[in-house]
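Each remark here refers to the structure printed beneath this line.
The values are calculated or read from the model by the stated rules, or taken from the named source; none is laboratory data. Source: prediction; values computed, not measured. Backbone-built Cβ (ideal geometry, glycine too); neighbour counts: all protein chains shown.
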Amino acid sequence: MAHRILIVDDEPNIVISLEYLLKKEGFEVKVATDGDSALLQAAEFRPDLVLLDVMMPKKSGFEVCESLRADASLADLKIIMLTAKGRDTEITKGLALGANAYITKPFSTKDLVAQIKLLLT
Amino acid sequence: MNAKTRFVLAAVALGLLMTGPFLLTVGILWADIGAEERAGFLVAMDRWLPIGGLITIVTLFLGVQLLRALFQQYVHGLLRMAETLRLMLGANRNFRVAIEGPPEVRELAHAANDLAQQRDELLDDVEAQIRHAKATVEEEKNRLAALMSELAQGVVVCNLDGRILLYNSRARLQFKALAQGPTSMSGGALIGLGRSIFSILERGQITHSLENIQQRLRKGSAEPTANFITTTRGGALLRCQMAPVLGSAERAEKEGIPPSPPAGQGGDGASSQAAPAQELIASPLGAELQVTGYVLTIENITRNFEREAERDQVLQTLTAGNRAALGNIRAAVETLLDSPEMEADFRERFMRVISDEASAMSTRLDATMNRFADSLKTRWPLEDVLAIDILAAAARRIEDRLKLPIKHEEQESNLWMRVDSFSLIQAITFLAARLQDHYEIRELRLRLAADGKMVFVDLIWSGTTVSSETLYMWELEPMNVGNETSPLTLRDVVDRHGGEIWYQREKTAHRAFFRIVLPAAATPDAPVADQAQHLHSDSRPEYYDFDLFGARDAEGAGVDIERKLSELAYTVFDTETTGLEPSNGDEIIQMGAVRVVNNRLLRQEIFDQLVDPGIPLKPAGIPIHGITEAMVAGQPRLDVVLPAFHEFCHETVLVAHNAAFDMRFFQLKEESLGVKFTQPVLDTLLLSAVIHPNQESHKLELIAERLGINVIGRHTALGDAFVTGEVFLKMIPLLADMGIVTLRQALDAAQKTYFARIQY
């Protein structure tokens, strides 16, 4: 059965690439464009992995990550955080809040896919 | 016994001496002879006595006359001479003893006069030396003050009580900029001679730094200074360096500084601040040094901080912002490359993403460059200068070194640039020298213009044309002119300023020019008018008063009315009002005040503010005070100005001419504005009545005239405050002559005068 992936990002310009790429890799993909709908979809769609952007309006990626980790029913969920900042302090924070991996923009699509596959095996 | 009694006694003695022997002889004869001989003797006496008596009386009279003449010449003459000598000793140095009387007295007079002459010469010599020494000290003090005022950093010197003894204009400007709200209108009221530094800086911080310095001094540190960064009440960041002012213990004692801290100084922590500072410190030379005060070098680094923050933000936008965009592009490109089978409309959407993101990135870059141009500029120590000053300096240098005549074309006079003036002038001179050497130009014209955020400096010449290539070549040569060499090239200088240079021709005018473009600077830090005021004041700068070094604070806050008038700090003020009847709704429309500290009128420490009265001005008053509706429109109301004035005159005695009138206005506002003036008030009108009770008028201008004061700028509140202040300073010694020395005595005397009964 295909793994389910939820993309959470408010920028359509990155979403289009990610969505296309991951579908092509055979994943079942859904997109949320802000923190609140990300939490809703996480409950409904029950993804195996979330690609989570840090900088979003309203709720930041960090907050979403914390909420997801607070939900015991989502214990197996893998989270990869995407960020444009890439400061060491920020990466440490993301990992501390429960992200499984942290990827800094710009990134190579090959690396991203490899990372996803690694986490889902 | 005075001279007269002695004369009478001498006359009596003379009489006895002349008659005594005769009577004695007669007595002895009478006792010795027999009865009939006595009868014969009586007959003989009867016949001769009148003649003998007459002779005796005549000789006695002659003797007394002789005695009188001698008395006149020797006794009275000497007494007169003594009086003259006393006069010469005290009141009139130039007086001399009159040469008269007998030769002995004359000789004495001559000797006394010679002695006086010698004394005068010595005194003159001493006085000349004192004058000279004083002048030298004064000159040194003034030189110091002048130097201080030129420093780019704020400098404040305080005594151990935290009273300000010296500050420079930069410190004043800094604190003026810091002053927020009501204090700003008093021109940086926070800083002033004799004022407390603790109204600006934390007391604890100062105490702590002083302790650190003490410790370092004890350890024999070569640099007993302390640094700290502090925030003001207004939230600005200040970097301060504190250095101690050391005086020998001996000198400190002479100046009345107690060796141990006075107990309970002002209560809250003041004694803990004074305690370590009073300790004696053994200097390496063995002499004991005492900290008598400290120098604070103050730099407002708020702006540096903001600039740093701005730089940070630039980095952020350039990295974070572009990372995201680049991430989007990269993902799209890689997807495209990996998916050759992608359908056309999908491919189209991916291409659109790349194009959009790329152009967004360019826009963002441009915006960043524009917005943060200032923070991205090079870190050379550039300063804000008037462009026209640079051109004038360059012109002088060119004419001096190259003997090349300079003409000035239109030059905008108020353009400011941020430049390193030395290297820029060097660059202009270098270009002029090259033009002269290679193209034999006979004259160079300088032009100055502005375009937006840029300043154009043009070097214009007519006739010969130069090729752009030549300029390129010159740009890369070291700027050597004559025997002056420079490691920099023209290009270095232009780059350093973030500028550009090019060659251009004005074909119609048969001229060509080099144009150097430099970034314009924003409004400079220091207001020009303020500096001018400082430069033009003919009296010595009033930014320091070292006589306050030894001054100690009185117990507790406020004003001690038992202190001498000459030792107190005053706020001399005046108000202009809509009319003369405060109880009938007249209002204050202008307040002016100036401080008097240590017997000096501090012309820089002033309060000068128009007030919007909230009611129409009376036409009758306008010719008197010269204040129009337009002038008060938009000015703050009294509810802002009066509290500010209250702060300005904190811990000082109020002085005004006809103070009752002004105080009545204040009293009527006390309740509604919640400011109460509780300090003592002196009235120059009443004091004038004390000093000259027989004069009819005690109008300010008449008193000023009586006391020999030039009146200028009257009938503005500040102008009148200046005159009142000068009058008051002249009155202090006159009052002292009448035995009125302390503030209490002055207040009592004023109370008693007739005028005190007038009520408004």
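When every residue of the range B:737-748 is checked against the conditions, none turns out to be of a type in the set (K, R) and without any contact (Cβ under 8 Å) to a residue 60 or more places away in the chain.
Residues that are under 30 Å from B:I200 (Cβ atoms), of a type in the set (D, E, K, R) and at pLDDT below 85 do not occur anywhere in the range B:654-666. Which pairs have Cβ atoms under 6 Å, sit 6 or more apart or on different chains, and link a residue in the range A:8-21 that is more than 8 Å from chain B (Cβ to nearest Cβ) to one that is modelled with pLDDT of 90 or more and part of a helix (DSSP H, G or I)? Close Cβ pairs (under 6 Å, with a partner that is modelled with pLDDT of 90 or more and part of a helix (DSSP H, G or I)) amount to A:V8/A:A38; A:D9/A:V15.
Yes or no: the range B:689-698 includes at least one residue that is touching a residue at least 60 places away in the same chain (Cβ under 8 Å), crowded, with 18+ Cβ neighbours inside 10 Å and in contact with a helix residue (DSSP H, G or I) (Cβ under 6 Å, 6 or more places away or on another chain). Looking through the range B:689-698, at least one residue is touching a residue at least 60 places away in the same chain (Cβ under 8 Å), crowded, with 18+ Cβ neighbours inside 10 Å and in contact with a helix residue (DSSP H, G or I) (Cβ under 6 Å, 6 or more places away or on another chain). Within the range A:82-121, the residues that satisfy the criterion of being more than 20 Å from B:E334 (Cβ to Cβ) and either polar (S, T, N, Q) or within 14 Å of chain B (Cβ to nearest Cβ) (or both) are A:K85, A:R87, A:D88, A:T89, A:E90, A:I91, A:T92, A:N100, A:T121.
Conditions (1) modelled with pLDDT under 85; (2) crowded, with 17+ Cβ neighbours inside 10 Å; (3) in contact with a strand residue (DSSP E or B) (Cβ under 9 Å, 6 or more places away or on another chain); (4) closer than 21 Å to B:A509 by Cα, marked per residue:
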position: B:L391; (1), (2), (3), (4): no, yes, yes, no
position: B:A394; (1), (2), (3), (4): no, yes, yes, no
position: B:R418; (1), (2), (3), (4): yes, yes, yes, no
position: B:D437; (1), (2), (3), (4): no, no, no, no
position: B:L448; (1), (2), (3), (4): no, yes, yes, yes
position: B:G463; (1), (2), (3), (4): yes, no, yes, yes
position: B:S468; (1), (2), (3), (4): yes, no, yes, yes
position: B:L476; (1), (2), (3), (4): no, no, yes, no
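The condition of being more than 14 Å from every other protein chain (Cβ to nearest Cβ) and in contact (Cβ under 8 Å) with a residue 24 or more places away in the chain holds for A:L39. The requirement of being at pLDDT 80 or above, within 14 Å of chain A (Cβ to nearest Cβ) and more than 32 Å from the chain's Cα centre (by Cα) is satisfied by B:D356. B:L518 - would you say it is among the aliphatic types (A, V, I, L, M), surrounded by 12 or more Cβ atoms within 10 Å (Cβ to Cβ), at pLDDT 85 or above and not in a strand (DSSP E or B)? For B:L518, the condition - among the aliphatic types (A, V, I, L, M), surrounded by 12 or more Cβ atoms within 10 Å (Cβ to Cβ), at pLDDT 85 or above and not in a strand (DSSP E or B) - is not met. Give the residues of the range B:485-524 that are polar (S, T, N, Q) and either free of Cβ contacts under 8 Å to residues at least 60 places away in the same chain or touching a Ser or Thr at 6+ places or on another chain (Cβ under 7 Å) (or both), sorted by residue number. Residues satisfying the conditions are B:T485, B:T489, B:Q504, B:T508. Given (1) over 29 Å from B:L122 (Cα atoms); (2) of a type outside the set (V, I, T); (3) at pLDDT below 85, identify the lone condition not met by B:R96. Of (1) over 29 Å from B:L122 (Cα atoms); (2) of a type outside the set (V, I, T); (3) at pLDDT below 85, only one is false for B:R96: (1). The helices (runs of 4 or more DSSP H) located wholly in the range B:621-723 that include 3 or more residues which are within 23 Å of B:V559 (Cα to Cα) occupy B:638-648, B:659-673, B:684-691.
When B:L42 is tested against (1) within 30 Å of B:A109 (Cα to Cα); (2) surrounded by 11 or more Cβ atoms within 10 Å (Cβ to Cβ), only condition (1) is not met.
Residues in the range B:314-348 that are basic (K, R) and either facing chain A (nearest Cβ under 8 Å) or outside any helix (DSSP H, G or I) (or both): B:R323, B:R330.
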